[in-house]
Amino acid sequence: MPTTITMPQLGETVTEGTVAQWLKKVGDSVEKYEAFVEVSTDKVNAEVPSPVSGTIRELIVGEGETVPTGAPIAIIDEVGAPAAEAPVNEAPAMRTGPAAKAPAVRSGPENGKPAGSNGALRSASPAVRRLAREFAIDVSVLRGTGTGGRVTARDVVAAAGATGGTPTKTGTAAPTPAPVSAPAPASRPALAVPVPGELLPLTQARRIIAQRMVESKQTAPHAWTMVEVDVTNLWAWRNNEKDAFERAHGVKLTLLPFFMRAAIEALRAFPLMNASFTPDGIRVHKDVHVGMAVAVDGNLLVPVIRAADGLSIRGLALAAGELVERARRGRLGADDLSGGTFTVNNTGANGSILSAPILVTGQAGIVTMEAVVRRPVVRHDDAIAIRSMMNVCLSLDHRVVDGAVASGFLADLKRRLEAMGPAGAL
């Protein structure tokens, strides 16, 4: 009997989804729990498993098309039921419209290669597969250099460079390149592969990021302020602890969890910074759910550490390390990317000394920790000393807080950071 598959709801607040890529085509067999479609939402990309075993009868929604959650997207003839006869290369039935196009074949023999490429495809993240399609690279023949043989963006870029590939406008397949194992230089992220004079196609993730940034700037009146912080003692504390921490936990100890802990304590002192503007009033959140900006495969993600106010510096370091690792492996779920009440961004990791971040929609503040710079500073007794200094920048929703609250929050954060030192406890 035929089973109608609907657009899943990937998260409590998600109301629609986009078919980013069909992993099966009409006439293909699919096993129960096998991924057959990749769906993008405003929160995350996810591969959706089939709820039944059978044969794909019809693909109702085209790649790139957005429909509400619960809307039909495909029909599968379950095993044992009469299956619709459809030639393997026949274009599936699609809704008409500019977004509709034939889904790519992702299983079975392809271009003379053995069936089994589908498993290789799933060893690459959705973002890496999209990059591969833009360069017409077949990831199933690449030798991955990532963990467990996973194909990474660097592998795709290296393959594109070896074959002289450039992004395609349709993502159609090109002649299969030879397997490439040498990764591209680390300084060349996935988004930084445009060819001068060429149009770089927008990925679904980039479209969503653009929409959210415009929405934030148009909705919330952004204001900005900054303080400089002497983190000499904090820097020494972190340096004293980092080697032992990494040996014990397998996670690098950066300045981020120290900064988060201080920010959380400052939010307790200034709870309006942990609030959201609503048409009915300002909602002050009871818990502190800290988002942290992470750049992965040319995309910007903001996974959330929930109930961060209940975690120590050690706990924050472990939670942040786990989220970053899952983000890099494409293992974040929709719930990992929703529910944040305040955001911290480590822009200093890229050498930035000053930035004005865009607010995450629905949050009253986002604070950045900039690069730690050694420079001469005039001390309180007029002595000049070489100190480790860091700028801390805050963007705020002026509907929720005014300058007095924002300045008070930053002054409190500065005081807490400067009070941290080697005598503290993780």
Problem - Test set (1) at pLDDT below 95; (2) more than 24 Å from the chain's Cα centre (by Cα); (3) of a type in the set (A, V, I, L, M, F, W, C) - residue 214 fails condition number - result: (2)
Problem - Residue list for region 340-396, filter: of a type in the set (A, V, I, L, M, F, W, C), in a strand (DSSP E or B) and surrounded by 17 or more Cβ atoms within 10 Å (Cβ to Cβ) - result: 342, 344, 366, 367, 369, 372, 389, 390, 392, 393, 394, 396
Problem - Among (1) basic (Lys, Arg); (2) outside the structural domain of residue 306 (by TED's automatic domain parsing); (3) surrounded by 17 or more Cβ atoms within 10 Å (Cβ to Cβ), the one test that residue 212 misses - result: (3)
Completion exercise
Note on region 238-262: residues in contact (Cβ under 8 Å) with a residue 40 or more places away in the chain and in a helix (DSSP H, G or I) are 240, 241, 245, 249, 256, 257, 258, 259, 260, 261, 262
Handout entry: From the options 272, 323, 354, residue that is touching a residue at least 24 places away in the same chain (Cβ under 8 Å) and within 20 Å of the chain's Cα centre (by Cα)
Key = 323
Handout entry: Test: residue in region 200-207 that is buried (at least 19 other Cβ atoms within 10 Å of the Cβ), among the β-branched types (Val, Ile, Thr) and within 24 Å of residue 296 (Cβ to Cβ)
Key = yes
Exercise for the section: Filter region 23-53 down to the residues that are farther than 16 Å from residue 71 by Cα and part of a strand (DSSP E or B), then identify the one that is farthest from the chain's Cα centre (by Cα). Expected result: 29
Practice task
Report yes if some residue within region 285-295 is surrounded by 17 or more Cβ atoms within 10 Å (Cβ to Cβ) and modelled with pLDDT under 95; otherwise report no.
Solution key: yes
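The values are calculated or read from the model by the stated rules, or taken from the named source; none is laboratory data. Please read these numbers as outputs of a predicted model, since none were measured by experiment. All Cβ positions, glycine included, derive from the backbone under ideal geometry; neighbour counts span all protein chains shown.
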